[in-house]
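Working notes, structure below.
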Number of protein chains: 4
Amino acid sequence: MVGGGRGAFIGGVHRMAARLDGRFELVAGALSADAANAMASAAELGIRGYANFAELIAGERARPDGAECVSVVTPNHLHAAPAIAALEAGLHVVCDKPLCLTLAEAEAMRRAAEASGRVFVLSHNYTGHPMVRQARAMVVAGEIGAVRVVQVEYPQDWLSTKREDTGMKQAAWRVDPARGGMGGSLGDLGTHAHNLAEYVTGLRVEHVLADAQSFVAGRALDDNAHVLLRLSGGARGALWSSQVSPGNENALRLRVYGETGGLEWSQEHPNQLRHAPLGEAPRVLARGVGALHPAAAHATRTPAGHPEGYVEAFAQICRDAAELILAREEGRAPDPLAATVPGVEEGVRGMRFVAACVASAREGGRWTAL
Amino acid sequence: MVGGGRGAFIGGVHRMAARLDGRFELVAGALSADAANAMASAAELGIRGYANFAELIAGERARPDGAECVSVVTPNHLHAAPAIAALEAGLHVVCDKPLCLTLAEAEAMRRAAEASGRVFVLSHNYTGHPMVRQARAMVVAGEIGAVRVVQVEYPQDWLSTKREDTGMKQAAWRVDPARGGMGGSLGDLGTHAHNLAEYVTGLRVEHVLADAQSFVAGRALDDNAHVLLRLSGGARGALWSSQVSPGNENALRLRVYGETGGLEWSQEHPNQLRHAPLGEAPRVLARGVGALHPAAAHATRTPAGHPEGYVEAFAQICRDAAELILAREEGRAPDPLAATVPGVEEGVRGMRFVAACVASAREGGRWTAL
Amino acid sequence: MVGGGRGAFIGGVHRMAARLDGRFELVAGALSADAANAMASAAELGIRGYANFAELIAGERARPDGAECVSVVTPNHLHAAPAIAALEAGLHVVCDKPLCLTLAEAEAMRRAAEASGRVFVLSHNYTGHPMVRQARAMVVAGEIGAVRVVQVEYPQDWLSTKREDTGMKQAAWRVDPARGGMGGSLGDLGTHAHNLAEYVTGLRVEHVLADAQSFVAGRALDDNAHVLLRLSGGARGALWSSQVSPGNENALRLRVYGETGGLEWSQEHPNQLRHAPLGEAPRVLARGVGALHPAAAHATRTPAGHPEGYVEAFAQICRDAAELILAREEGRAPDPLAATVPGVEEGVRGMRFVAACVASAREGGRWTAL
Amino acid sequence: MVGGGRGAFIGGVHRMAARLDGRFELVAGALSADAANAMASAAELGIRGYANFAELIAGERARPDGAECVSVVTPNHLHAAPAIAALEAGLHVVCDKPLCLTLAEAEAMRRAAEASGRVFVLSHNYTGHPMVRQARAMVVAGEIGAVRVVQVEYPQDWLSTKREDTGMKQAAWRVDPARGGMGGSLGDLGTHAHNLAEYVTGLRVEHVLADAQSFVAGRALDDNAHVLLRLSGGARGALWSSQVSPGNENALRLRVYGETGGLEWSQEHPNQLRHAPLGEAPRVLARGVGALHPAAAHATRTPAGHPEGYVEAFAQICRDAAELILAREEGRAPDPLAATVPGVEEGVRGMRFVAACVASAREGGRWTAL
């Protein structure tokens, strides 16, 4: 693991997720940009500690029982270098989203992944929910007809005030262009929303038109953005990302409307999927109730009515990554249900989405191709 | 009443709404563009029948007990003429929304209303809900701070297929530019959403940028539209109107986020208002529970926990209209709580909203002033 | 109308309900037990005023255009006398619930109703909701199989403190055995819950076992009661009535589980009915969406997605009463969809329910036949 | 681990829960009553396998690195023997609920636990949810005043038909008195509901009165039961357990009403807790939003808005068990927030609850002391 030391957030989630199914064992880490903190954090976890990612990769390569996969859970500006180094060293990579800082980095990462022949998984964790898998399978199977409208949003409220000035580490790097990237809410939340929309519909966002704002004075990156979407196949949509909307914690919500039906899913109540066949009573699909697609069962751990949550979805990304890695090592095709997990290509698309939105907004609202 | 004969929809709602509080008595009508149907419909209702609105106005003026107020509930292209004629004859007017067909008509109606000194009320019925009144009062009182973001949407699904070709009268005129106006979903639903956003926030939509579509082949007007909003005071927002989103009946929903709190309201569950003060647990405000603004009590008929609905909100428009008319007749200032009811000015703004959206969409997405 | 003068609650609701559909015209009233208040209240409403119900009945009988139907909306101890007098005078009666004060009164009312040949309707208003009608029709049609379990509850919170000592008229008579009757929460709320359960299932509560409490010190009648139910056909259930459960306004809720499906309905969101066919995804039935029973459409006024509420359901009782009266006057069979409206028989059953619960509780919990 | 081999359900959940926080490592198991299956299941998991629990305990005791804690996840009739043997061998025990088969066994387990000085934790997993911990802390702190009414229910639908005859292992032992115990729905679900009510309120169920049924023909144990509750301090309540209510998966729901407020919590949406202070708007408490008690934070792993579920609550039981064990080993007092986790005493109370309900129902409904 690179990143995820004391005081970090997402590293701990990755560790829980990896432990849940027991498919990965954490053996080593360069857990902080600060070497002392890195070593101390590793000692706390009882794993092999390294001062930085270069030493980690070198050290693990040198061991017969060295790590096979590197998990990159650093702030955005520190994704590309360790990921590329790991790939070049023949290690598989699970990388946190968004992919990186710039389009150039993104392309470099793609090239490295392709050249390496290693597995590269991007932790767009919301694609790990069984009901998201079910939604995707329903759209693919034509159960709502050709998609017409996609509404996706990811509002939060935690940056309604200038928390980056209060010493809060999570806030500080996210609002800093040098560490967070081109987008604020667009990079942190919009990439999740964009990915979820594409994952479920199987369509591609081809053009965007954005209006982006920084409502909190003195903030360099957007903390709210509205984006109009034009997707492949003629579908249209809207995406909203916000860090300044009180009463929203992580209110990611996707709605997809096709010619013959509609689907609605919300991250905060992820175990249900509303399906409205045109002209019929809407039904509330849930894991384990009635006939669902195998893709839903593939991503489930508990029986109907026993809710799964954030960590379980994250764990699914890990479990699918494990299957991809095993299949690669064993020279076989992976389980197709695991193979839908996002990878470097989705990461590149996410970076293009942010870049296009930022460009569109900067020019005062103009349709911009991804 | 002008319009609202056999086979019509909104006329019957207006009649129920007027009866609910007993402030109006329906005495006469020109209930259909078809004279025979008009007379037969009036006979069914036991009121004085007229073949057309001109005869209605002339006939009622000639009676000492003639009607004092005309309710215009015709399709959009038949609003302006009877409303103007009624105003010029010294009658008050309650007119269905949207105001009319064109900006020119809208301006003529405004001039007629101003010149007449009569009351003109526009039935933007959703402003009659107690919790909408409460939301407006909270924003005015600064309870959520300066407004930053406004999300408003009004999706339906009933025009997902080409019902206008099935002989359905309600569908036929709404999709016909000659009878419905410039906008399809924008005119029928977008005007409600636009009005509700302005009513609650007290802000004005100053610029729009729209993408509008006709998903059903052969339909001349938009059946889906996404609109970016820039409001007075620097607030931003998004508006979505749709007639092709399966699983949505009349899913009008408003969300307003300010510096210190958020408000959420949904037409299909109108008795609740979610209020999230920043950093505190969200609370579910409801009529009659805890301390609410007088504006909420003003619009309420039943105790807490006994739901009010669509007709009650409509009735509030009538009850407020009655107060405005009485005050006008009695030469006094009306109850300020009644005076927030939408009038001709809101009607003109609605028409400008539609015109600006249509123009923006036609030009491929451009910020357009109202 | 008998009762319903200044300061009363349910009288005003009855008046709105009667006006909504225009099937009744209020012409006269003995609106208060206080003669002066009665006359003043009538003057305010612009109707013929009488000092008491005896004068009302005599006065109206003497007029060729006298009232045809008497609406009894007094506190419970003042139901029997005016209702019986009206029936004996050949007037139809719409009476508020619960039927009366004692079992003896109830039997006398039943005899009077049967002897008179007049229509007697009991305003168990919750049976007027379209989705309640739909639920009944579904059970009758066997769509959930034989009923096994019935859960019904009606909690409120407004008597959590001793409001009867604060001069609140609505509270004072309800907690007074001389005016409210045998039951407190059981009489006011339990009768609604009992009636709703029988109305929807078509079953009869045959035995009850109750535990009843007065949590507020010094209160003579129960303010909370739990009742076990044994219904005809072998179904079992539980009923809970409460006036001391904070956070509940009028949280009447019915759940019915049969061999092949379940139904759930809540008064505070009355436009939806949850139907869970065994082994399939639950669906949310709503007025106007998909295929419903004619009984639902019969009780509906507005299109799908435009919520109806408390007054509309009350109005349905009036509309059905009007149909029963017209049919009686015209010597024809009434519309069978109207004929399900509760009458004197349901009133007698409700009184027996209260009496049985009170007796069971008093004896420390014993199965007691109705 | 004893039990939890191939085809079992709860064993896998225990393993995930134990892994999530990394506080336990699974090293050995007697995973099935069938020795061959036991060994094969252990091999699959890569742990030391034993043919039965006696060999497991003997084998592990003999090793310097032997297991310190035994997790008992067998059907109910196989709890007492391995748990007592483990305690007597000086091992800590985490045991699945209900505690065992009979009151005699329960008392023996209690004596063994007390004599051993070892930690005994009972996996009443629903007490591990952060919002359940919050509810308990609120009641203890007097935030809803003295408790008056407790409504708790746990309906399911999976035994609506005779699945025990279809070869479904989970169904077969639960409906068999020899393996499931005295109660059917009462033992499997009622014990959870009873425990949750006592855990949150801090009160004790002192008397019960029950009506229990077997709706599915040929089933020996109850598949539905209604129970009236009398709790310490004068509170009253009702408990409902059901396996035959279509549309309910694991719909455990607790409502507690006190003199000054109400609390509502539902297992299927466990991240929210509704708190209604009397006379104020209800608020929706959630992990990480606003000021909560430390007990909530103690049981939380993810930030506000990222839902936790069934496995996380289970993991909390494990994490608390780990703290109790460590404290015992280190000779110190455990974290008081961990010490609320249910133990053998709660297990004994649960068995008494079932026994009292069964006795009450058998005698036709009689108040019975626990």
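The values are calculated or read from the model by the stated rules, or taken from the named source; none is laboratory data. What you see is a predicted model; the values in this text were computed from it and never measured. Cβ atoms come from the backbone with ideal geometry, glycine included; neighbour counts cover every protein chain shown. Ligands, DNA and RNA are stripped out before the accessible areas are found, and what is left, the full protein with its side chains, is counted by its heavy atoms. Shrake-Rupley method; radii C 1.70, N 1.55, O 1.52, S 1.80 Å.
Structure notes:
- Condition met for D:Gly365 (in a loop (DSSP other than H, G, I, E, B), more than 14 Å from chain A (Cβ to nearest Cβ) and of a type outside the set (Phe, Trp, Tyr)): yes
- Output for segment C:87-100, where each listed residue is open to solvent by less than 30 Å² (accessible area, probe 1.4 Å) and outside any helix (DSSP H, G or I): C:Ala89, C:Leu91, C:His92, C:Val93, C:Val94, C:Cys95, C:Asp96, C:Lys97, C:Pro98, C:Leu99, C:Cys100
- Within segment A:285-313, residues that are in contact (Cβ under 8 Å) with a residue 60 or more places away in the chain reach partners that are among the aromatic types (Phe, Trp, Tyr) with beta carbons closer than 8 Å, at six or more positions or on different chains, in the pairs A:Glu308/D:Tyr310; A:Ala313/A:Tyr126.
- Failed item in (1) open to solvent by 20 Å² or more (accessible area, probe 1.4 Å); (2) touching a residue at least 24 places away in the same chain (Cβ under 8 Å); (3) closer than 30 Å to D:Glu330 by Cβ; (4) within 14 Å of another protein chain (Cβ to nearest Cβ), with D:Phe9 passing the rest: (3)
- Of the residues making up segment B:257-269, those that are open to solvent by 10 Å² or more (accessible area, probe 1.4 Å) and either more than 14 Å from chain C (Cβ to nearest Cβ) or touching an Asp or Glu at 6+ places or on another chain (Cβ under 8 Å) (or both) are B:Glu259, B:Thr260, B:Glu264, B:Glu268.
- Count - residues of segment D:287-318 that are more than 7 Å from every other protein chain (Cβ to nearest Cβ) and open to solvent by less than 20 Å² (accessible area, probe 1.4 Å): 10
- Within segment C:342-354, at least one residue is surrounded by 19 or more Cβ atoms within 10 Å (Cβ to Cβ) and part of a loop (DSSP other than H, G, I, E, B).
- Cβ pairs under 9 Å, 6+ apart, first in segment A:118-145 and without any contact (Cβ under 8 Å) to a residue 12 or more places away in the chain, second not in a strand (DSSP E or B): A:Gly142/A:Thr260
- Any hit, segment C:243-256, residues being within 8 Å of another protein chain (Cβ to nearest Cβ), surrounded by fewer than 24 Cβ atoms within 10 Å (Cβ to Cβ) and either of a type in the set (Asp, Glu) or more than 23 Å from C:Gly183 (Cβ to Cβ) (or both): yes
- For segment C:101-111, the condition of being more than 19 Å from the chain's Cα centre (by Cα), open to solvent by 10 Å² or more (accessible area, probe 1.4 Å), at positive phi and without any contact (Cβ under 8 Å) to a residue 60 or more places away in the chain holds for none of the residues.
- Only one of A:Leu20, A:Leu56 that is touching a strand residue (DSSP E or B) at 6+ places or on another chain (Cβ under 6 Å), crowded, with 23+ Cβ neighbours inside 10 Å and either of a type outside the set (Lys, Arg) or assigned to a loop (DSSP other than H, G, I, E, B) (or both): A:Leu56
- Residue-level analysis places D:Gly128 outside the set of residues that are under 30 Å from D:Gly279 (Cβ atoms) and not aliphatic (A, V, I, L, M).
- If the condition is being touching a helix residue (DSSP H, G or I) at 6+ places or on another chain (Cβ under 9 Å) and either more than 10 Å from chain A (Cβ to nearest Cβ) or assigned to a loop (DSSP other than H, G, I, E, B) (or both), then segment B:271-285 contributes B:Asn271, B:Gln272, B:Leu273, B:Leu285.
- Checklist (1) closer than 24 Å to D:Leu99 by Cβ; (2) of a type outside the set (Ser, Thr, Tyr); (3) in contact with a Lys or Arg (Cβ under 6 Å, 6 or more places away or on another chain) applied to D:Met182, failing item: (3)
- Odd one out for A:Phe24 among (1) touching a residue at least 24 places away in the same chain (Cβ under 8 Å); (2) of a type outside the set (A, V, I, L, M); (3) farther than 29 Å from D:Ala18 by Cα: (3)
- Pick from segment A:356-367, criterion open to solvent by 20 Å² or more (accessible area, probe 1.4 Å) and in contact (Cβ under 8 Å) with a residue 60 or more places away in the chain, ranking: nearest to the chain's Cα centre (by Cα): A:Val358
- Hey, A:Ala217 small (Gly, Ala, Ser), within 12 Å of another protein chain (Cβ to nearest Cβ) and under 13 Å from A:Ser242 (Cβ atoms) or not: no
- Here D:Ser41 does not qualify as hydroxyl-bearing (Ser, Thr, Tyr), closer than 20 Å to A:Asp21 by Cα and in contact (Cβ under 8 Å) with a residue 60 or more places away in the chain.
- Subset tally (residues that are surrounded by fewer than 19 Cβ atoms within 10 Å (Cβ to Cβ) and touching a Ser or Thr at 6+ places or on another chain (Cβ under 8 Å)) for segment B:27-42: 1
- Looking across segment B:122-149, just one residue is in a loop (DSSP other than H, G, I, E, B), within 10 Å of chain A (Cβ to nearest Cβ) and buried (at least 22 other Cβ atoms within 10 Å of the Cβ), and that is B:Ile144.
- Every residue from segment D:168-188 that is under 21 Å from C:Val147 (Cβ atoms) and within 14 Å of chain C (Cβ to nearest Cβ): D:Ser185
- Checked across segment B:176-193, the condition of being touching a Phe, Trp or Tyr at 6+ places or on another chain (Cβ under 8 Å) and open to solvent by 40 Å² or more (accessible area, probe 1.4 Å) holds for at least one residue.
- With respect to being open to solvent by less than 70 Å² (accessible area, probe 1.4 Å), away from chain A (no Cβ under 14 Å), under 30 Å from D:Glu107 (Cβ atoms) and over 25 Å from the mean Cα position of the chain (by Cα), D:Ala51 fits the description.
- Segment A:150-167, residues that are within 14 Å of chain B (Cβ to nearest Cβ) and either open to solvent by 30 Å² or more (accessible area, probe 1.4 Å) or charged (D, E, K, R) (or both): A:Glu153, A:Asp157, A:Trp158, A:Thr161, A:Lys162, A:Arg163, A:Thr166
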